[in-house]
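Structure first, then comments.
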Amino acid sequence: MAEAAAIAPQRAWGKGRLTAKPFAGRTRLAEFYQEGCAKIRLPDTFDASMEAVLINSSGGLTGGDHMEWEFSAGEATHLTLTTQACEKIYKASAGTAAVRAKISVGAGATVHWLPQETILFDRASLSRRLDVEIAEGGEFLAVEAILLGRKAMGEAMRTGLFQDCWRIRKAGILLHAENLRLNGDIAALTQETATLGGQVAFATLFYTGMDCEQQLAKLRALIGGANGGVSHYHVAGQDKLIARLVAADGFALRKILIPVISHLRKGASVPKVWNL
């Protein structure tokens, strides 16, 4: 008797796309597309800006799952992108979960990429990529926070894979590039002083816009020397700020991160879904 054909495990797949355009002094929807487990909701902002809440209806990701997001903010628009909840990356029996995000920021436009934390469980496997194109005069703020398990639940990420790739261009110039890779015995690796020093929550913040250098003193005061640091760079006529934050758990990380985000958002708080 012939052997039965192997059945491929069911995997989550999703793709979402949104384009914003200016109209009568407000940011309006020009294009909207969602497929699979990728959903987008547009809550009222009660001002001229637009906020998009990204949802993974599969409830989390594991090996072999794939998510794609694409966003474009037209000239002089204001778009905030966030997530409904923390993204959970579960143990992978095979394969690696992949998340790809592509963002275009028009001239004079503002885009804030503010997803809630990504939680990596033990033996999770995740590969992420963020590609951003910013026109001259555009403003872009990005925050990505990672939790290696949920400390309050007694969870920890001991082994697994996490790789993160950022490529951010402004006015045709490669303004920022970074590759992070944690692989294998992550519990031992993150104990090192040169990595996390035993902390389990960390975040990267990127900002390019007006008066970058003038923000340094305030941001350093908000972060505090024991929790990370922030630096200003001038690259081929363009400015950027990079902050690296570490904390003992997700709650402690938010206590540092939220005031920093609010300062760079000119006093506006984080999206309301962060508090649900």
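The values are calculated or read from the model by the stated rules, or taken from the named source; none is laboratory data. Small disclaimer: the values here were computed from a predicted structure and weren't measured. Positions of Cβ are generated from backbone atoms using ideal geometry, with glycine treated the same way; all protein chains shown enter the neighbour counts.
Take segment 143-164 and flag every residue that is of a type in the set (A, V, I, L, M, F, W, C) and either in contact with a Cys (Cβ under 9 Å, 6 or more places away or on another chain) or assigned to a strand (DSSP E or B) (or both). Full working, then the answer.
Initially, segment 143-164 is screened for residues of a type in the set (A, V, I, L, M, F, W, C), giving 143, 145-148, 152-153, 156-157, 161-162.
Hits for segment 143-164 are Val143, Ala145, Ile146, Leu147, Leu161, Phe162.
Working carefully through the options Thr195, Thr159, Thr204, find the one that is under 20 Å from the mean Cα position of the chain (by Cα) and free of Cβ contacts under 8 Å to residues at least 40 places away in the same chain.
Testing whether each residue is under 20 Å from the mean Cα position of the chain (by Cα) and free of Cβ contacts under 8 Å to residues at least 40 places away in the same chain leaves just Thr195.
Considering only residues that are in a helix (DSSP H, G or I) and surrounded by 14 or more Cβ atoms within 10 Å (Cβ to Cβ), look in segment 225-250 and name the one that is modelled with the lowest pLDDT.
For segment 225-250, the residue satisfying everything is Asn227.
Out of curiosity, is Leu180 of a type outside the set (Asp, Glu), modelled with pLDDT of 95 or more, buried (at least 17 other Cβ atoms within 10 Å of the Cβ) and closer than 21 Å to Leu130 by Cβ?
no
Evaluate the following for Phe140: is it part of a strand (DSSP E or B), aromatic (Phe, Trp, Tyr) and under 20 Å from Arg26 (Cα atoms)?
Numbers: part of a strand (DSSP E or B): yes; aromatic (Phe, Trp, Tyr): yes; under 20 Å from Arg26 (Cα atoms): yes.
Taking the combined requirement at face value, the residue satisfies it.
Would you mind finding the one in Leu253, Leu222 that is within 18 Å of the chain's Cα centre (by Cα) and in a helix (DSSP H, G or I)?
Details: Leu222 fails: within 18 Å of the chain's Cα centre (by Cα).
From the options Leu253, Leu222, the qualifying one is Leu253.
Within the set of pairs 6 or more residues apart or between chains, which connect a residue that is more than 15 Å from Val143 (Cβ to Cβ) and surrounded by fewer than 23 Cβ atoms within 10 Å (Cβ to Cβ) inside segment 114-132 to a residue that is modelled with pLDDT of 95 or more and polar (S, T, N, Q) with Cβ atoms less than 6 Å apart?
Arg123/Thr159; Ser127/Thr96; Ser127/Gln163
Which of the residues spanning segment 191-219 are among the hydrophobic types (A, V, I, L, M, F, W, C), in a loop (DSSP other than H, G, I, E, B) and under 26 Å from Ile103 (Cα atoms)? Please lay out each step first, then the result.
We begin by selecting, within segment 191-219, every residue among the hydrophobic types (A, V, I, L, M, F, W, C); these are 194, 196, 200-203, 205-206, 210, 212, 216-217, 219.
Okay, now just the ones that are also in a loop (DSSP other than H, G, I, E, B), so 194, 196, 200, 210, 212.
Met210, Cys212 - these are the residues of segment 191-219 that are among the hydrophobic types (A, V, I, L, M, F, W, C), in a loop (DSSP other than H, G, I, E, B) and under 26 Å from Ile103 (Cα atoms).
Just for segment 165-190: of the residues that are outside any loop (DSSP other than H, G, I, E, B) and touching an Asp or Glu at 6+ places or on another chain (Cβ under 7 Å), which one is farthest from Asp249 (Cα to Cα)? Spell out how you get there, then give the answer.
Of all residues in segment 165-190, those outside any loop (DSSP other than H, G, I, E, B) come to 165-170, 173-189.
Narrowing the set further to residues that are touching an Asp or Glu at 6+ places or on another chain (Cβ under 7 Å) leaves 166-167, 169, 180.
Numbers: Trp166: 24, Arg167: 28, Arg169: 32, Leu180: 20 Å.
The selected residue is Arg169.
Which residue out of Leu205, Leu219, Leu161 is more than 24 Å from Asp131 (Cα to Cα), surrounded by 18 or more Cβ atoms within 10 Å (Cβ to Cβ) and modelled with pLDDT of 95 or more?
Leu219
For every residue, the table says whether it meets (1) more than 29 Å from Leu147 (Cα to Cα); (2) touching a Gly at 6+ places or on another chain (Cβ under 8 Å).
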site	(1), (2)
Arg17	no, no
Gly64	no, yes
Phe71	no, no
Ala76	yes, yes
Leu81	no, no
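Which condition does Trp274 not pass, out of (1) exposed (fewer than 14 other Cβ atoms within 10 Å of the Cβ); (2) more than 23 Å from Gly137 (Cβ to Cβ), if it passes all the others?
Result: Trp274 passes all but (1).
With the structure loaded, tell me whether Ala177 is among the aliphatic types (A, V, I, L, M) and over 22 Å from the mean Cα position of the chain (by Cα) or whether it fails that test.
no
State all residues of segment 128-158 that are on the phi > 0 side of the Ramachandran plot and modelled with pLDDT under 95; if no residue qualifies, say none.
Once the filter is applied, which keeps residues that are on the phi > 0 side of the Ramachandran plot and modelled with pLDDT under 95, segment 128-158 yields Gly149, Gly154.
Take Ile261 and tell me if it is aliphatic (A, V, I, L, M), within 30 Å of Ala107 (Cα to Cα), in a helix (DSSP H, G or I) and at pLDDT 95 or above.
Yes.
State the number of residues belonging to segment 162-187 that are touching a strand residue (DSSP E or B) at 6+ places or on another chain (Cβ under 6 Å) and free of Cβ contacts under 8 Å to residues at least 12 places away in the same chain.
Selection size over segment 162-187: 1.
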